[in-house]
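A short write-up of the structure that comes next.
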Amino acid sequence: MKIAGAWGWRILVVVACLAVLVWLITTLAEIVVPFLIALLISALLKPFVTDLVRVGWPKWVSIIVVILAAVVVFGGLVLLVVMQVRSGLPALEKETTSRIKVIQDFLAGPPFNLTSSDYSKYIDDATNALQSSSKSILSGAVSVGSTAGHVIADALLTVFATIFMLIDGEGVWKWSVRLFPKRARAAADGAGQSGWTTLTRFVRVQIFVAACDGLGVGLVAFFLGLPLAVPIGVLVFLASFIPVVGAIVSGAFAVLIALLFVGPVPAIIMLAGVLAVHLLEAHVLQPLVMGNAVRVHPLAVVFAVAGGSYIAGVPGALFAVPTIAVVNVMVTYVARGTWRGTPGTPELGTEGMGPRDVGEEEAAEEVVPETGHQPQ
C-alpha cells in the first residue's frame, strides 16, 4: 500500500502537470502551432545550411540560399498545381455537366421519379433558406475574414521563427539549457541533442514517405485518365504528412473523383491502387524506413494520431508522431544515465558533472557524528 500510494500521488501530479501543459498549448495554439511548424521546417533545412557552412560558405549566404531554394521548390509545386487546374478546368466543367445529366436521368427513373418541377422546387427552397440565413452567412464571412487575418499572422510568425532558428538556433538552445539546475544541464543538453537528431530524421523520412504516396496515387490516377491527376498526387503528398490517416482520406477523395468523372470500374481500380499504396506504406515504408528513423511502433503511431486529432484537430494529428518520437528519445536518453559521466560544457554554464565530481560534493557535505569534523 505504501508503494502504491507513493506511485499514485506521483502519477497524479505528473498527469496534472501534463493537463496544464495541454491546456496552455490549446489556449496559445496561435503561437504554439507556428513555432512547431517553424521547428519542423528548421529541422529540414538546418542540415543543408550546415553542409554549406562546412564546405566554406558564409553562414548568412548559406541560410539565404537554402531558404530561397525551399521557396522555389514550394512555389514551383503550387504553380504546377495551379497550371494543371487551369488547363483541366474546361474539360472538367464539360465532364461535370454530362455527369449531372446522367445523375438527373437516373433520378428521373424509379424509385425516385423526380421531374424538372421537383428540381425547381428544391432550388427555390435552397434560395429561400439562403435568404433567411443571410445574417448568419454574413457573420460567417466576417469570421472567415478574421481567420484569414490569423492565417497571415501565423504565416509571418512561422517565417520569422524559421529564420531566427537557422541563424541562432544553437544560442537559443544554450539559453534554454541554462534555465535548468546545474546538475541537470548535462542531461537536458544531451536529451535535447538526441531529440533534435530524431526530429531531423523524422522530417526527412516523412517527406520521402509522403512523396512515395503522392507519386503512387498520382500515377494510378494518370493512367486511369482522371482529370487533375497532378493535383490529386500533390494533395496526397501533403495529406501524407499526417501518418496513416492522411493517405487514406486523400485516397478516398481520389476514388470519389474517379467514380464521378470516369465510372465505377475505374473507381474500383483507383481504390485498389490507393489500397496498394497504403499497404506499401504500412508494411514496408513505415516499419523499415520510418521505424529505423524514429523507433516508434506502428500501433503507437496510430494511437498518437488519433489522440492528437482528438485533442487539437488537424495540428494535433500533424505533430503527434514527431512529438511522441522526440519525447521517447529524450526520456530514454535521460533514463540511460550515460550523461552522468559527461562533463558539462563551459558554454552551458555547467561545471564537472561526472560521478567523481558528484561524489566529491557529497563527501564535502558529509559530517562524522562522533567528532563533528568533515572527513579528510
Right, residue 40: among the hydrophobic types (A, V, I, L, M, F, W, C) and within 25 Å of residue 197 (Cβ to Cβ) or not?
yes
For region 1-23 the number of residues that are outside any loop (DSSP other than H, G, I, E, B) and farther than 17 Å from residue 307 by Cα is 15
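Condition check ((1) surrounded by 19 or more Cβ atoms within 10 Å (Cβ to Cβ); (2) over 25 Å from residue 41 (Cβ atoms); (3) charged (D, E, K, R)) across all residues:
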position	(1), (2), (3)
199	yes, no, no
210	yes, no, no
215	no, no, no
222	no, yes, no
229	yes, yes, no
236	yes, no, no
240	yes, no, no
Residue in region 240-280 that is modelled with the lowest pLDDT, counting only those that are outside any helix (DSSP H, G or I) and small (Gly, Ala, Ser):
263
What are the residue pairs meeting all of these: first residue in region 17-34, first residue surrounded by 13 or more Cβ atoms within 10 Å (Cβ to Cβ), second residue among the small types (Gly, Ala, Ser), Cβ atoms under 8 Å, and 6 or more apart or on different chains?
25/312; 26/312; 29/312; 34/155; 34/161
Specify the residue that is nearest to the chain's Cα centre (by Cα); the eligible residues are those in region 65-86 that are more than 23 Å from residue 229 (Cα to Cα) and surrounded by 14 or more Cβ atoms within 10 Å (Cβ to Cβ).
70
Name every residue in region 203-234 that is without any contact (Cβ under 8 Å) to a residue 60 or more places away in the chain and assigned to a loop (DSSP other than H, G, I, E, B), in order of residue number.
224, 225, 226
Can you work out which of the residues in region 315-365 that are at pLDDT below 60 and among the aliphatic types (A, V, I, L, M) is surrounded by the most Cβ atoms within 10 Å (Cβ to Cβ)?
353
Has region 52-59 got any residue that is among the hydrophobic types (A, V, I, L, M, F, W, C), touching a residue at least 12 places away in the same chain (Cβ under 8 Å) and under 25 Å from residue 201 (Cα atoms)?
yes
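The values are calculated or read from the model by the stated rules, or taken from the named source; none is laboratory data. Fair warning: this is a prediction, and the values are worked out from it, not measured in the lab. Ideal geometry is used to build each Cβ from the backbone, glycine not excepted, and the neighbour counts take in all protein chains shown.
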